[in-house]
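Engineer: After the structure tokens below, expect a handful of questions from me.
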């Protein structure tokens, strides 16, 4: 194993657990208000796509840890949706389609797809902005965002050291989106406290 793969395993290992604080927060509060289900469905797709891309690159760290991240994202999706739906079947179909696309499409199209998928958190940015504007304290976990940011920073270094510009670029974009959400949520919580002093 190449030494840079160790950094990938560290980044991916941290990233695998990024959904855990969010699952705990939803269960603790008893609701998922302010948490974007669409973002988590897209994040599940991101993990599956990067796992397939890691398989294509023969990068054990990218494939194994992204499978773990997909399992974590899937568990949050299951916590957010009603039990009447059949989310496991849809998640499996979604994973199969994305994996097939990543493994069969030309590399330029796959690169464009992976860059587009990095914007999976955009619906959460919109919800967090709404939380800020309406002075709502949401169920968005700051711990989850911190864990995600630590993971993404490792992937930025991995991308540069492994000379994979696609990973470095998408990781930089993901970090800026995380920081935007963190800022909006912190400001929303401050506004909510000032509007409702105890």
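Engineer: Could you list all residues from region 10-25 that are in contact with a helix residue (DSSP H, G or I) (Cβ under 7 Å, 6 or more places away or on another chain) and either within 17 Å of residue 143 (Cβ to Cβ) or surrounded by fewer than 19 Cβ atoms within 10 Å (Cβ to Cβ) (or both)?
Structural biologist: 10, 13, 14, 15, 16, 17, 18, 19, 20, 21, 22, 23, listed by residue number.
Engineer: Just to verify a result, which residue in region 27-41, among those that are part of a helix (DSSP H, G or I) and more than 16 Å from the chain's Cα centre (by Cα), is nearest to residue 129 (Cα to Cα)?
Structural biologist: By that ranking, first place goes to 29.
Engineer: Check off (1) closer than 28 Å to residue 188 by Cβ; (2) in contact (Cβ under 8 Å) with a residue 60 or more places away in the chain; (3) out of contact with any helix residue (DSSP H, G or I) (no Cβ under 6 Å at 6 or more places or on another chain) for residue 28 and give me the number that stays unchecked.
Structural biologist: Among (1) closer than 28 Å to residue 188 by Cβ; (2) in contact (Cβ under 8 Å) with a residue 60 or more places away in the chain; (3) out of contact with any helix residue (DSSP H, G or I) (no Cβ under 6 Å at 6 or more places or on another chain), residue 28 violates only (2).
Engineer: Hey, can you tell me all the residues within region 111-125 that are within 15 Å of residue 140 (Cα to Cα) and under 10 Å from the mean Cα position of the chain (by Cα)?
Structural biologist: 121, the sole residue that qualifies.
Engineer: Here is a follow-up. Across region 147-189, what is the total count of residues that are without any contact (Cβ under 8 Å) to a residue 12 or more places away in the chain and either under 17 Å from residue 22 (Cβ atoms) or not in a helix (DSSP H, G or I) (or both)?
Structural biologist: Adding up the residues that qualify gives 1.
Engineer: Sticking with this structure for a sec: Can residue 168 be described as under 14 Å from the mean Cα position of the chain (by Cα) and buried (at least 16 other Cβ atoms within 10 Å of the Cβ)?
Structural biologist: no
Engineer: Still on this structure, I have one more. Scan 193, 135, 130 and give me the residue that is surrounded by 16 or more Cβ atoms within 10 Å (Cβ to Cβ) and more than 13 Å from the chain's Cα centre (by Cα).
Structural biologist: Step by step, each of 193, 135, 130 is checked, and only 135 is surrounded by 16 or more Cβ atoms within 10 Å (Cβ to Cβ) and more than 13 Å from the chain's Cα centre (by Cα).
Engineer: Quick check on residue 38: is it more than 19 Å from residue 147 (Cα to Cα) and modelled with pLDDT of 80 or more?
Structural biologist: Considered against the rule, which asks whether it is more than 19 Å from residue 147 (Cα to Cα) and modelled with pLDDT of 80 or more, residue 38 comes out as yes.
Engineer: For residue 151, state whether it is touching a helix residue (DSSP H, G or I) at 6+ places or on another chain (Cβ under 8 Å) and either surrounded by fewer than 17 Cβ atoms within 10 Å (Cβ to Cβ) or modelled with pLDDT of 90 or more (or both).
Structural biologist: So residue 151 fits the description; yes.
The values are calculated or read from the model by the stated rules, or taken from the named source; none is laboratory data. From a predicted model like this one, the values you see are computed outputs, not experimental measurements. We place every Cβ from the backbone using ideal geometry, glycine too, and count neighbours over all the protein chains shown.
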